[in-house]
Amino acid sequence: MVAILIGAIAFQLLPGQASSTSTTRSTSPAALVSSPLHQPPALPATSVTSATGDGGRLGTADGRVPEGVTVFRDDVPAVAKLDPKLLAALRQAATDAAADGVTFEVNGGWRSADYQSELLREAEAEYGSEAEAARWVARPNRSQHVSGDAVDLAAAASSWLSEHGASYGLCQIYDNERWHYELRPDAVTRGCPARWADAAHDPRMQE
Ligand SMILES: [Zn+2]
């Protein structure tokens, strides 16, 4: 009886699962998420290349991050223009993580509205719809990156913070962006708040 039920359920579910996953998982978001670089989908080298290819207008002054930048780089605007409290927490955590052999490299930090707009346009082109792009890249007037309140970290730092971040007030905000951290001071005593599934579910992103 149980086997029959399971068989019936599987028969009903599998075709639907197959069709729904094939539309999403064969496209770039999942592929980028599972990339060994653990980079945010909107920040692979190709995005930066096309952004700078646009007359070279968008560079480090707009928040583009060169390779290998750590949270200690005061000369890189993406880092230096982060909210001072967020930056202080990041540097404290990075100092402690160094004892574990972990370096806090930054893939994204503060960004100009122009750069955020560029990333959003690229995400819409890449993902094929505004709705899917909204799961990954916020509009400039809503982005926590443009306000300097969010950082995207490389894999080693993200991994370290997933274990230790709350004691620094550093929390992962979205289930689908394990690299994206923001400051939640209350986390030091209460732990990090529940995560949103993705940016599209974040009330801050609504009109
Ligand atoms: Zn982010």
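Residues that are out of contact with any strand residue (DSSP E or B) (no Cβ under 7 Å at 6 or more places or on another chain) and within 23 Å of GLY63 (Cα to Cα) within region 157-199 comprise ASN176, GLU177, listed in sequence order. Can you confirm whether SER143 is surrounded by 19 or more Cβ atoms within 10 Å (Cβ to Cβ), modelled with pLDDT of 95 or more, small (Gly, Ala, Ser) and in contact with a Lys or Arg (Cβ under 9 Å, 6 or more places away or on another chain)? When the stated conditions are applied, SER143 passes them. Evaluate the following for HIS164: is it touching a residue at least 40 places away in the same chain (Cβ under 8 Å) and surrounded by 20 or more Cβ atoms within 10 Å (Cβ to Cβ)? No. Here is the figure for region 170-207: residues that are within 19 Å of SER147 (Cα to Cα) and in contact with a Pro (Cβ under 8 Å, 6 or more places away or on another chain) total 5. The set of residues from region 64-81 being charged (D, E, K, R) and crowded, with 21+ Cβ neighbours inside 10 Å comprises just one member, ARG64. Reported count of residues in region 109-127, each being assigned to a loop (DSSP other than H, G, I, E, B) and either touching a residue at least 60 places away in the same chain (Cβ under 8 Å) or over 14 Å from ARG57 (Cβ atoms) (or both), is 2. For PRO140, indicate whether it is more than 13 Å from the ligand (Cβ to nearest atom) and touching a helix residue (DSSP H, G or I) at 6+ places or on another chain (Cβ under 6 Å). Yes: the conditions hold for PRO140. Filtered by the rule that a residue be assigned to a loop (DSSP other than H, G, I, E, B), within 13 Å of the ligand (Cβ to nearest atom) and touching a Lys or Arg at 6+ places or on another chain (Cβ under 7 Å), region 146-174 gives VAL146, GLY148.
Give the number of residues within region 123-137 that are within 15 Å of the ligand (Cβ to nearest atom) and of a type outside the set (A, V, I, L, M). Of the residues in region 123-137, 2 are within 15 Å of the ligand (Cβ to nearest atom) and of a type outside the set (A, V, I, L, M).
Residues being away from the ligand (no atom under 15 Å from the Cβ) and either part of a loop (DSSP other than H, G, I, E, B) or of a type in the set (Val, Ile, Thr) (or both): count how many of those fall in region 175-190. Looking only at that region, the number is 4.
The values are calculated or read from the model by the stated rules, or taken from the named source; none is laboratory data. None of the values given here were measured: they were computed from a predicted structure. Cβ: placed from backbone, ideal geometry, glycine included. Neighbour counts: every protein chain shown.
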